[in-house]
Amino acid sequence: MSSLVFSSVDWSSPSLWLSVFSIAFNPLAWNIVARNGMSFFARDPPSFKRPTLSSSYPSTEYRNKTITRLFGGNARYGCYFLAIMIFAFGILRDTLYERALKDQPAHALLPAPLNTLVPAALFLAGQTFVLTSTWALGVTGTFLGDYFGILMDHRVDGFPFNVLRDPMYVGSTLCFVAAQEAKSESKKEL
């Protein structure tokens, strides 16, 4: 099965690699920005010493407050800014993923009617996990508010966190798989 999947991918497609890059880049970038407080992009106080590789990792937005300072000391505004950036880059990532799917050959993995029902169920489950975890955490809980010193009053242990450890990642993955199978089926019909 895995050899069928790997042999049916057009590895030479630039859109595939651009999509892979954007999927890997987004969480890496926003964690680096939040952990380092954008200190390489903002004007630092004169006493600031440029961090070395070993010292830059522990310096966080919580300690440096660089993004917070960009918003006049308001940590919530800094967190909301980061949330908008994460969301915008997520839309870009999804667009690049959709383009990569269009450029790939169509190979439906499931027979009818499962080729419609399974992607729909996967997408519904994925969106349920993503949306309910966002609802449970709120904007600041979802988009790295803890890096800004914005902490929740208590640990969230209700649904979907009582079912999955990482419901947003699992939900997003389910949606990506559902989109792939749905695109394969729609391309096959053309």
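Quick rundown of the values:
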{"item": "Criterion violated by Ala182 - all others in (1) under 26 Å from Val20 (Cα atoms); (2) at pLDDT 95 or above; (3) among the aliphatic types (A, V, I, L, M) satisfied", "result": "(2)"}
{"item": "Meets criteria (part of a helix (DSSP H, G or I) and modelled with pLDDT of 85 or more) for Phe25", "result": "yes"}
{"item": "Helices (runs of 4 or more DSSP H) contained entirely in region 29-136, each with at least 1 residues that are at pLDDT 95 or above", "result": "75-103"}
{"item": "Residue within region 161-171 that is open to solvent by less than 50 Å² (accessible area, probe 1.4 Å) and not in a helix (DSSP H, G or I) present", "result": "yes"}
{"item": "Qualifying position, being farther than 29 Å from Asn31 by Cβ and small (Gly, Ala, Ser), among Ala178, Ala100, Ala108", "result": "Ala108"}
{"item": "Selected residue (criterion: nearest to Ser15 (Cα to Cα)) from residues of region 94-122 that are surrounded by 15 or more Cβ atoms within 10 Å (Cβ to Cβ) and among the small types (Gly, Ala, Ser)", "result": "Ala100"}
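Conditions (1) in contact (Cβ under 8 Å) with a residue 60 or more places away in the chain; (2) within 28 Å of Leu18 (Cα to Cα), marked per residue:
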| position | (1), (2) |
| --- | --- |
| Phe71 | no, no |
| Met85 | no, yes |
| Phe89 | yes, yes |
| Ala106 | yes, yes |
| Thr128 | no, yes |
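The values are calculated or read from the model by the stated rules, or taken from the named source; none is laboratory data. Just so you know, these numbers come straight off a predicted model, no measurement behind them. For neighbour counting, all protein chains shown are included, and Cβ atoms are generated from backbone atoms with ideal geometry for every residue, glycine included. The accessibility values were calculated without ligands, DNA or RNA, using every heavy atom of the protein model including side chains. Shrake-Rupley method; radii C 1.70, N 1.55, O 1.52, S 1.80 Å.
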